[in-house]
Amino acid sequence: MIPLSKPFIDKSDFKYFTDIFQTKILTDGKYQLKSEELIKRIIKSKFVALTHSCTAALEISALLLNLKKGDEVLMPSYGFVSVSNAIVLRGAKPVFVEIDPVNLNICPKDLEKKITDKTVAIYLIHYSGNSCDMDKILHIKKKYDIFLVEDTAHSFLSKYKNRYLGTIGDIGTFSFHETKNLTCGQGGCLSINNKDLIKRANYILDKGTDRKDFIKNYKKKIITSENSKKYYSWVDYGSEYRAPELSSALLFSQLKKVNIIQKKRKIIWEKYKRLFHKINSNHFSLVEGLKNTKSSYHLIVLIFKSTKKSNQFKKYLQKKNIAATFHYVPLHKSKMGRLYSKKKLPITEKIYKKVVRLPLFPSMTSKEFNKIEKTIKEFFK
């Protein structure tokens, strides 16, 4: 079976492990710091912290925004459950918003319609590696003076008008899960662009303590002064959110070859695009980015005009041992989602069953792509 995704890992990715085993530093080590500094420099963020998952980064964002019972948070229903969980775990209510039927990102028009005096934040998802319409969303954010969090799990190195996604709103979250463009097995990253949130983020990341301040003073040898703190203590909410050193080392290696990985993904993505152009089918459309944006080429997604045709297409490819599947079931239609909203989202409900994901990974061979191409052509002939 040709899978949907496959991590781009080779022997070079483990070269830093030996160093870790020799130093015996398994947490808060130099590879965590190196990875954070490299990401910070690449995406031009004010603050970056590695986390053990994107889910953890989202939960930190909810703490930073002080979400609480009675608050409403706008988010697309067509997205991953980690966003909604981060919201409801703080007692806030997710308000589900429609998607754009062309690129499957949050619909700015419906977003503004659903703002109330209880709305405190927008959580958007840059779907498949393509940017939301950030000009319109930033206008809404400023107009109503609410927070903006970018779930950039699909979109590391994607851009909107030369700005990296995850650095445009107040907070950005990234994923380095096994299925993502870069991986450290299970990992994530928090990017903060609102300087007022940075100090508190360090407390939350350190289990709610001021440990980082203590260590900083200790290294500067000012811990012995009469006025300095001689210990650290519990000062805020927090938990164990940091990425372990082995994961950080793997990510650091991946970051070193990120341009190679992205180039390979782009080549395969563009092969698909040429294939679909040749087929020139009226049965589907390819999900692409807006003008003046740059994609991370994370997913190949087709939207069929009929559910029947999409199901036939998936079954045909699967019989040929090629992975082809749906993506998200809308959150508002789930068991948990119905606890927070009974309202319908006609566009989302109409489209999600017509979506088909296809294999895309940087190590895909010419033989594998040729098989996919041949099979798709056979289906549409």
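Between residues in the range 312-334 that are assigned by TED's automatic domain parsing to the domain that holds residue 368 and part of a helix (DSSP H, G or I) and residues that are surrounded by 14 or more Cβ atoms within 10 Å (Cβ to Cβ) and modelled with pLDDT under 95, which pairs lie under 6 Å by C-beta distance while being six or more apart or on different chains?
Close Cβ pairs (under 6 Å, with a partner that is surrounded by 14 or more Cβ atoms within 10 Å (Cβ to Cβ) and modelled with pLDDT under 95) amount to 332/341.
I'd like the full set of residues that are of a type in the set (Val, Ile, Thr) and not in a helix (DSSP H, G or I), limited to the range 1-46. Steps first, answer last, please.
First, pick out the residues of the range 1-46 that are of a type in the set (Val, Ile, Thr): 2, 9, 18, 20, 23, 25, 27, 39, 42-43.
Listed by number, the residues that qualify are 2, 9, 25, 27.
For residue 91, all conditions in the list (1) assigned to a helix (DSSP H, G or I); (2) within 30 Å of residue 334 (Cβ to Cβ); (3) not acidic (Asp, Glu) hold save one; what is the number of the exception?
So residue 91 meets the others, but not (1).
Just to check your reading of the model, which residue among 62, 56, 49, 92 is among the hydrophobic types (A, V, I, L, M, F, W, C), assigned by TED's automatic domain parsing to the domain that holds residue 161 and more than 19 Å from the chain's Cα centre (by Cα)?
Values: 62 fails: more than 19 Å from the chain's Cα centre (by Cα); 56 fails: more than 19 Å from the chain's Cα centre (by Cα); 49 fails: more than 19 Å from the chain's Cα centre (by Cα).
The match here is 92.
Could you check, for the range 107-116, whether at least one of its residues is over 21 Å from residue 95 (Cα atoms), touching a residue at least 24 places away in the same chain (Cβ under 8 Å) and in contact with a Cys (Cβ under 9 Å, 6 or more places away or on another chain)? It would help to see each step written out before you state the result.
Step one: of the range 107-116, the residues over 21 Å from residue 95 (Cα atoms) are none.
No, the range 107-116 has no match at all.
Of all residues being assigned to a helix (DSSP H, G or I), more than 24 Å from the chain's Cα centre (by Cα) and not basic (Lys, Arg) in the range 343-371, which is farthest from residue 318 (Cα to Cα)? Just the residue, please.
Among them, the one singled out is 346.
Which one of these is under 17 Å from residue 293 (Cβ atoms) and in a strand (DSSP E or B): 166, 172? Break it down into steps so the answer makes sense when it comes.
Details: 166 fails: in a strand (DSSP E or B).
Residue meeting the stated conditions: 172.
Condition test on residue 118, is it under 22 Å from residue 174 (Cα atoms), assigned by TED's automatic domain parsing to the domain that holds residue 153 and not small (Gly, Ala, Ser)? Even if it seems obvious, please write down each step before you answer.
Working: under 22 Å from residue 174 (Cα atoms): no; assigned by TED's automatic domain parsing to the domain that holds residue 153: yes; not small (Gly, Ala, Ser): yes.
Considered against the rule, which asks whether it is under 22 Å from residue 174 (Cα atoms), assigned by TED's automatic domain parsing to the domain that holds residue 153 and not small (Gly, Ala, Ser), residue 118 comes out as no.
Quick check on this structure: which one of 230, 273, 308, 263 is out of contact with any Cys (no Cβ under 6 Å at 6 or more places or on another chain) and assigned to a loop (DSSP other than H, G, I, E, B)? Write out each step before concluding.
Values: 273 fails: assigned to a loop (DSSP other than H, G, I, E, B); 308 fails: assigned to a loop (DSSP other than H, G, I, E, B); 263 fails: assigned to a loop (DSSP other than H, G, I, E, B).
Of 230, 273, 308, 263, the one residue that is out of contact with any Cys (no Cβ under 6 Å at 6 or more places or on another chain) and assigned to a loop (DSSP other than H, G, I, E, B) is 230.
Among all residue pairs at least 6 apart or on different chains, which show Cβ distances below 7 Å where the first residue, located in the range 77-90, is of a type in the set (A, V, I, L, M) and the second is assigned to a loop (DSSP other than H, G, I, E, B) and surrounded by 19 or more Cβ atoms within 10 Å (Cβ to Cβ)?
Hits for this filter: 87/67.
Is there any pair with a first residue in the range 40-51 that is among the hydroxyl-bearing types (Ser, Thr, Tyr) and a second that is surrounded by fewer than 22 Cβ atoms within 10 Å (Cβ to Cβ) and assigned to a loop (DSSP other than H, G, I, E, B) whose Cβ atoms are under 6 Å apart and which are 6 or more apart or on different chains, and what are they?
Taking only residues 6 or more apart or on different chains, the pairs are 45/167.
Does residue 282 fit the bill of being loosely packed, with under 15 Cβ neighbours inside 10 Å and modelled with pLDDT under 95? Even if it seems obvious, please write down each step before you answer.
On the way: loosely packed, with under 15 Cβ neighbours inside 10 Å: yes; modelled with pLDDT under 95: yes.
Criteria met by residue 282.
Kindly indicate whether residue 104 is assigned to a loop (DSSP other than H, G, I, E, B), closer than 29 Å to residue 284 by Cα and in the same structural domain as residue 196 (by TED's automatic domain parsing). Write out each step before concluding.
Working: assigned to a loop (DSSP other than H, G, I, E, B): yes; closer than 29 Å to residue 284 by Cα: yes; in the same structural domain as residue 196 (by TED's automatic domain parsing): yes.
So residue 104 fits the description; yes.
Restricting attention to the range 165-172, does a residue exist that is touching a His at 6+ places or on another chain (Cβ under 9 Å), modelled with pLDDT of 95 or more and either buried (at least 21 other Cβ atoms within 10 Å of the Cβ) or of a type outside the set (Phe, Trp, Tyr) (or both)? Break it down into steps so the answer makes sense when it comes.
Step one: filter the range 165-172 for residues touching a His at 6+ places or on another chain (Cβ under 9 Å), giving 165-166.
Subsequent filtering for residues that are modelled with pLDDT of 95 or more retains 165-166.
Among the residues that remain, those that are also either buried (at least 21 other Cβ atoms within 10 Å of the Cβ) or of a type outside the set (Phe, Trp, Tyr) (or both) are: 165-166.
Yes, the range 165-172 contains at least one residue that is touching a His at 6+ places or on another chain (Cβ under 9 Å), modelled with pLDDT of 95 or more and either buried (at least 21 other Cβ atoms within 10 Å of the Cβ) or of a type outside the set (Phe, Trp, Tyr) (or both).
Check off (1) among the small types (Gly, Ala, Ser); (2) closer than 19 Å to residue 101 by Cα; (3) surrounded by 15 or more Cβ atoms within 10 Å (Cβ to Cβ); (4) modelled with pLDDT of 95 or more for residue 306 and give me the number that stays unchecked.
Among (1) among the small types (Gly, Ala, Ser); (2) closer than 19 Å to residue 101 by Cα; (3) surrounded by 15 or more Cβ atoms within 10 Å (Cβ to Cβ); (4) modelled with pLDDT of 95 or more, the lone unmet condition for residue 306 is (3).
List every residue pair whose Cβ atoms lie under 7 Å apart, where the two residues are 6 or more positions apart in sequence or sit on different chains, the first residue falls within the range 124-149 and is over 20 Å from residue 175 (Cβ atoms) and in contact (Cβ under 8 Å) with a residue 40 or more places away in the chain, and the second residue, located anywhere, is in a loop (DSSP other than H, G, I, E, B) and not hydroxyl-bearing (Ser, Thr, Tyr).
133/290; 147/65; 147/170
Identify the single condition in (1) surrounded by fewer than 19 Cβ atoms within 10 Å (Cβ to Cβ); (2) outside any loop (DSSP other than H, G, I, E, B) that residue 69 does not satisfy, given that it satisfies every other one.
Residue 69 satisfies every listed condition except (2).
The values are calculated or read from the model by the stated rules, or taken from the named source; none is laboratory data. These numbers were taken from a predicted model, which means no experiment stands behind them. Virtual Cβ from ideal backbone geometry, glycine too; neighbours counted across all protein chains shown.
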